[in-house]
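Student: This is the structure, below, for whatever I ask next.
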């Protein structure tokens, strides 16, 4: 039996960086929507994510896209993506690189 490669938070974040908010051409990692990534010894992944507003009509779509993309990682176990509202998302959570590209360095 071959040994399972231990996944890292970077592996999961790299996969999630391929998921975009359809209304904003920025991936969900750079938008600051991913709050927590936990990986256990079986490569089961638990992610806490949020959205820019509670009224976002794309909540379920983006959440399912995130889960589906994580599930494509080689050696992945079970995947759980949780929607959380605390702490509240703010524009300051957008990555510095994207803020600079948008011209909002604050």
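What follows draws every value from the coordinates through simple rules; no lab data is involved. Please read all numbers here as calculations on a predicted model, not as lab measurements. Methodologically, a virtual Cβ is constructed for each residue, glycine included, from the backbone with ideal geometry; neighbour enumeration extends over all protein chains shown.
Student: Conditions: (1) closer than 27 Å to residue 6 by Cα; (2) surrounded by 12 or more Cβ atoms within 10 Å (Cβ to Cβ); (3) touching a helix residue (DSSP H, G or I) at 6+ places or on another chain (Cβ under 9 Å). Residue 52 meets all but one. Number of the miss?
Tutor: All conditions pass for residue 52, except number (1).
Student: Restricting attention to region 3-19, report how many residues are outside any loop (DSSP other than H, G, I, E, B) and touching a residue at least 40 places away in the same chain (Cβ under 8 Å). It would help to see each step written out before you state the result.
Tutor: Taking region 3-19 and keeping what is outside any loop (DSSP other than H, G, I, E, B), we get 9-16.
Cutting the leftovers down to touching a residue at least 40 places away in the same chain (Cβ under 8 Å) gives us 11-12, 15-16.
Residues flagged as outside any loop (DSSP other than H, G, I, E, B) and touching a residue at least 40 places away in the same chain (Cβ under 8 Å) within region 3-19 amount to 4.
Student: How about region 20-30: which of its residues are part of a loop (DSSP other than H, G, I, E, B), under 14 Å from residue 63 (Cα atoms) and more than 9 Å from the chain's Cα centre (by Cα)?
Tutor: 21, 22, listed by residue number.
Student: Also, I was wondering about something else. Tally time: how many residues in region 57-75 are touching a residue at least 24 places away in the same chain (Cβ under 8 Å) and either surrounded by 14 or more Cβ atoms within 10 Å (Cβ to Cβ) or within 22 Å of residue 22 (Cβ to Cβ) (or both)?
Tutor: 10
Student: I need the full set of residues from region 41-72 which are part of a loop (DSSP other than H, G, I, E, B) and out of contact with any strand residue (DSSP E or B) (no Cβ under 8 Å at 6 or more places or on another chain), in order please.
Tutor: The answer is 41, 42, 43, 52, 53, 54, 55, 56, 57, 58, 72.
Student: Another question, if that's okay. When residues of region 76-105 are filtered for being surrounded by fewer than 13 Cβ atoms within 10 Å (Cβ to Cβ) and out of contact with any strand residue (DSSP E or B) (no Cβ under 6 Å at 6 or more places or on another chain), how many remain?
Tutor: Adding up the residues that qualify gives 16.
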